[in-house]
Amino acid sequence: MLSRKNKIILLKILSMFSVVRGYNVFIVAVAQYLSAIFILAPEMRALTVLLDFNLFILVLASSLTIASGYIINNFYDSKKDLINRPNKSRIDRLVSQKTKLQVYFSINFVVVFLAMLVSWRAVLFFSAYIFLIWFYSHKLKKYPIIGNLTAAFMAILPFFAILMHYKNFYAQIFAHASFLYLILLIREIVKDLENIQGDIANNYQTIPVRFGENFAKNVILVLTLFTVIPVYFLVEIFEVGYMDIYFYGSILLLIMFLLALFQADKKEHFIKLHFLLKLIILLGVFSIILIDPEVLIHGRNYIVK
């Protein structure tokens, strides 16, 4: 049996894991490695990529930066989350705001130290990334459009760290990034629809609050239609192996998403739509393997021209 003191410590650890959304951080780390192997450095052997020390440091620094970002975001959104996510908020509040800030600054210090092991460019990148996350949490997320654009941009920045490391600027990479960015941007607006009550109570001027739910839905419709453009290039122009199955499937899921979107008028409806978008993103992460599944079986022993 655990003592009362140990139970409290365990609860606080679980609370901090909830604050930093450890599962999200893990998925991003996996996505970075898969992207490096199959998209960002296709000419390198998979084992060489996996054993790249600098890549490991960049992924670790990215993971810690994302975790610290969730902490500072949670710090500023504590009042809003009491309305939008009361159950999660109760768990998160087991750790004091002071402790959250102490952990936030400690993690950022570690990130800068890790970046120094790679290069001064990495230090500049992660310093700017940390500042952008703080500025977004403190100011930008309260404003319509720019808050959504910034949130989606920050979500793909970890992949740019890997891109700058390998310096492979293929057009295919930007097509992948464009599709992901659009899905993330759609998700941000759906989150605003989901959290509209808390946003109104705390004077967050999101798109649904400022312009209304119907306008937000129409913006989502336009963005969803735009996803067809990168999908066309990825399926018809570039070579993505069996991953084209994922892109065809994602278009079908997005059609279902739109049909449900224009009938949604309750918080639980938008929660389900948000989950569907997260499913599309998660499937996309593991579908990267389909670009060249032979790599996992035989390894890569050729050069992509």
When every residue in the range 129-176 that is in a loop (DSSP other than H, G, I, E, B) and not hydrophobic (A, V, I, L, M, F, W, C) is compared, the one surrounded by the most Cβ atoms within 10 Å (Cβ to Cβ) is P144
Output yes when any residue across the range 199-214 is in a helix (DSSP H, G or I), within 30 Å of L60 (Cα to Cα), at pLDDT below 95 and not hydrophobic (A, V, I, L, M, F, W, C), and no when none is.
-> no
For L184, state whether it is among the aliphatic types (A, V, I, L, M), surrounded by fewer than 20 Cβ atoms within 10 Å (Cβ to Cβ) and touching a Ser or Thr at 6+ places or on another chain (Cβ under 7 Å).
-> no
Over the range 196-245, the set of residues without any contact (Cβ under 8 Å) to a residue 60 or more places away in the chain, buried (at least 20 other Cβ atoms within 10 Å of the Cβ) and in contact with a Phe, Trp or Tyr (Cβ under 7 Å, 6 or more places away or on another chain) is T227, P230, V231
So, of the residues in the range 97-124 that are among the basic types (K, R) and at pLDDT below 90, which turns out to be surrounded by the most Cβ atoms within 10 Å (Cβ to Cβ)?
-> K100
How many residues are buried (at least 19 other Cβ atoms within 10 Å of the Cβ) and farther than 16 Å from I57 by Cα if we restrict to the range 22-34?
-> 0
Are any residues in the range 81-94 more than 21 Å from the chain's Cα centre (by Cα) and either part of a loop (DSSP other than H, G, I, E, B) or among the charged types (D, E, K, R) (or both), and if so, which ones?
-> R90, R93, L94
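The values are calculated or read from the model by the stated rules, or taken from the named source; none is laboratory data. Just so we're clear, the structure is a prediction, and the values are computed from it rather than from any experiment. Note that each Cβ is placed from the backbone with ideal geometry, even for glycine, and that neighbours are counted across all protein chains shown.
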